[in-house]
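So the structure is just underneath, and the comments pick up after that.
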Amino acid sequence: MDIIKSIEHEQLKNKIPELKVGNTVKVHVRIKEGNKERIQVFEGIIIKVQGGGVNQTFTVRKISYGVGVEKTFLVHSPLVEKVELVRVGKARRARLFYLRDRVGKAAKTKEKVGARIENREIVIKEELAEEPVATEEVATTEVTESATEATVVEEVVETPVAQTAEVEETTEAPAEEKVEAAPEEAPAVETKEVAVQETVDTVKEEAVEDVKEVAEEDKKEE
């Protein structure tokens, strides 16, 4: 299969409505107005069907307020929501261009009496049965990828823990040095206090001796 044909095959719808010239149909079309989206119904007679594949189109004609209006739609367009059959008409031509010159009831095709009004569809793609298998394979691959990503994330999360442990060891070492250095400074403070106490004691002893000498001199004078 060529590349162009493969791309066109992807754009095809799985099912398309059965279109016959002369039938009266209602075409439900999606219309976007700004951020809103609505469905507009266009009712008329199919006057021609042409093309094939992705380029297949059909033209619908109606008379609105005495004016003929024709619209051509792509069969495989995503904007065409659905095509609803309203009336089955008789037609012996592939293109009903003669209706353009008719006015009133003559602008319509004759209805087939007793015809069943059924919305029949034509199946274009029959490969839908193989798609669930592909989806299962995709799901398994996604599960394996998620599992591998989870293991990688766990490894990445575990490595910073070891680094933080090393940092804690390095930060604990200076604390021990500070604790060891503190007792070395303590003796200097104690020596100063002892020196002060000794000086105070000597002063007290000198003062007591002076008082005793003065008391003895007083007694001698008496």
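The values are calculated or read from the model by the stated rules, or taken from the named source; none is laboratory data. Computed from a prediction, not measured in an experiment: that's the story for all the values here. Counting neighbours? That spans all protein chains shown, and the Cβs are built from the backbone with ideal geometry, glycine included.
Being within 18 Å of Glu43 (Cβ to Cβ) and either in contact (Cβ under 8 Å) with a residue 12 or more places away in the chain or outside any loop (DSSP other than H, G, I, E, B) (or both) is the filter here, so list the residues in region 92-109 that pass it.
Just the residues of region 92-109 that are within 18 Å of Glu43 (Cβ to Cβ), to begin with: 96, 99-100, 102, 104-105, 107-109.
Residues satisfying the conditions are Leu96, Leu99, Arg100, Gly104, Lys105, Ala107, Lys108, Thr109.
Since Arg93 meets every condition but one in (1) at pLDDT 90 or above; (2) within 15 Å of Thr24 (Cα to Cα), which condition does it not meet?
Here Arg93 clears every test but (2).
From the list Glu81, Glu121, Glu111, Glu70, which residue is modelled with pLDDT of 95 or more and under 21 Å from Lys20 (Cβ atoms)? It would help to see each step written out before you state the result.
Numbers: Glu81 fails: modelled with pLDDT of 95 or more; Glu121 fails: modelled with pLDDT of 95 or more; Glu111 fails: modelled with pLDDT of 95 or more.
So the residue among Glu81, Glu121, Glu111, Glu70 that is modelled with pLDDT of 95 or more and under 21 Å from Lys20 (Cβ atoms) is Glu70.
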